[in-house]
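To keep things clear, I will list the structure first and then write my remarks on it.
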Amino acid sequence: MTGVDRERSPAAAITRVTGRCRDTAKRLQIPAVIVTYCAVAAGIGYLMSLATGGAEVWCTYDAQRFHAMAGAILEGLTPYIDYVDPKPPLLFFTVALMDAVAPAGSIDIPVVSAANLAAAVLIWQIGREDYGMIAGFSAGLLYLVSAAFVQGYFLFSEQFAVLLLLGAFFAARRSRFAAAGLMLGLAFGFKQYAALAALPLLYMMHAEGERRYYLLIGPAALVTAASFLAVLIAYGNEAAAEALYWTFGVAPAYLQGDPAAAVPAYRGSSVVALAANLVASIVMVLPTLLFAAASVLRRGLLTVEERAIGLFVLVFLATIVVRQYLHYWILMLPFLALLACREFADEKQER
């Protein structure tokens with residue numbers, strides 16, 4: 001059989017058709033994943049809106065305080081003086097922007113759902129790179145669904161922080177540590193606990209042999225300082241000093257549950273109460289936590305990226321001991337999902 005005959009043979013035709021189908025399927029994977037994630041995030045967000053009767057602003061104590069601070073800003077009052085809350089300025093400026101374009105609370109769930117969607121896409125991309133398409137897709141989907149059980153579709157600062165922390169991790173995986181530092185600083189602008197993510201990111205730098213730690217810390221510090229500089233320029237020295245206090249200085253009183261801190265203090269009144277609160281919150285994420293733990297016991301943490309993911313989980317798990325808030329689980333949920341779903345890794349990417 002000549003070469004021309006072989007090219008025209010049924011077997012060759014089948015091979016060409018199969019190849020085209022495979023290429024088409026690969027091209028459709030990304031749109032299919034995004035459409036699926038959009039449907040899931042929108043569906044859960046809609047159900048949450050129905051469950052709250054559209055009164056999203058009253059769903060959580062945090063949301064009430066965020067919108068109150070945003071209202072003070074929009075009314076021309078001075079943040080951290082006329083109204084106080086122990087969160088960084090970037091969060092309140094963001095909520096003020098939301099309230100400037102729509103009635104307070106009316107777009108909370110859509111905005112948070114969009115943040116969850118973006119986080120799921122990043123989780124999928126990270127999982128796909130390390131473990132293959134199915135594992136990555138499953139991890140992103142698991143995050144979207146599990147977030148619903150830890151108040152992940154209501155307005156908290158954690159959803160914005162975790163999206164930016166995933167961006168920092170994504171950049172650090174590519175040795176773009178300055179970009180990772182930028183993302184880390186922005187994440188801190190929404191949640192002080194985001195600073196804990198510096199530990200796994202610095203570990204990644206160290207493991208790679210990169211000793212110029214200022215590449216990460218410098219941008220993070222500059223971005224953090226920028227929001228306080230904005231307060232200084234817009235509202236003066238006293239407001240800037242108060243912003244620094246309510247972001248940093250109030251930490252000891254907040255952690256100890258001191259009523260003088262003028263902030264909510266949800267802590268167990270005893271060791272038994274603490275244990276009960278922990279168990280109650282763990283139940284809400286038990287499947288994800290169980291499968292992630294089982295995966296670590298079965299496979300260990302074999303790569304720099306996996307050990308960094310393990311560090312993310314550990315540092316954010318510590319926050320649950322300080323405060324047994326259900327929504328604190330959001331910070332570690334993406335990393336638990338990646339560990340849990342690596343069990344679905346493609347054979348060629350099994351480690």
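Here, each number is a calculation from the coordinates, and none is a lab measurement. Remember, it's a predicted structure, so these values are computed and weren't measured experimentally. Backbone-built Cβ (ideal geometry, glycine too); neighbour counts: all protein chains shown.
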Calc'd 3J(HN,Hα), region 106-115, phi into Karplus 6.51 cos²θ - 1.76 cosθ + 1.60 (θ = phi - 60°), Hz, glycine/Pro = x, comes to 6, 10, 4, 5, x, 5, 5, 4, 5, 5
For region 69-113 and region 145-202, what is the centre-to-centre distance using only Cα atoms, to the nearest Å? 20
Magnitude of the charge dipole, region 30-255, Cβ model with Lys/Arg +1 and Asp/Glu -1, debye to 20: 700
Work out the FRET efficiency for residue 347 and residue 279 from their Cβ-Cβ distance, taking R0 = 35 Å, and round it to the nearest 0.05. 0.40
Which of the listed residues, 141, 194, 213, is farthest toward the dipole's positive end in region 30-255, when Lys, Arg count +1 and Asp, Glu count -1 at the beta-carbon? 213
For region 30-255, inverting the pair-averaged 1/r of distinct alpha-carbon atoms gives a Kirkwood value in Å of 18.6
For region 64-115, just the Cα atoms, rotate onto the principal axes and tell me the three extents in Å, largest first. 31, 20, 16
Sorting check: for 235-242, 168-175, which peptide has the highest mean count of neighbouring beta carbons within 10 Å, and how do the rest follow? 168-175, 235-242
Pull up all non-local amide H partners of residue 325: gap of 5 or more, or a different chain, and H-to-H distance under 5 Å with H placed in the peptide plane. none
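By how many nm would the segment from residue 238 to residue 149 grow when fully extended, if each residue of separation counts as 0.36 nm and the alpha-carbon distance is taken off?
Working: separation 89, 0.36 × 89 = 32.04 nm, distance 4.04 nm.
Taking residue 238 through residue 149 to full extension adds about 28.0 nm, to one decimal.
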What is the set of long-range amide H partners of residue 345 at a cut-off below 5 Å, with H atoms built 1.01 Å from backbone N? none
For a quick check: sort 296, 95 by the number of other beta carbons within 10 angstrom, fewest at the front. 296, 95
The extension gain from residue 176 to residue 206, computed as 0.36 nm times the residue separation minus the Cα-Cα distance, is 9.4 nm
Whole-Hz couplings from phi, Karplus 6.51/-1.76/1.60, listed for region 330-343; x for Gly and Pro: 4, 4, 9, 4, x, 6, 5, 5, 5, 5, 5, 8, 5, 5
Would you please put 317-327, 79-89, 188-198, 215-225 in order of how densely packed they are, using the mean number of other Cβ atoms within 10 angstrom per residue and starting with the highest? 188-198, 79-89, 215-225, 317-327
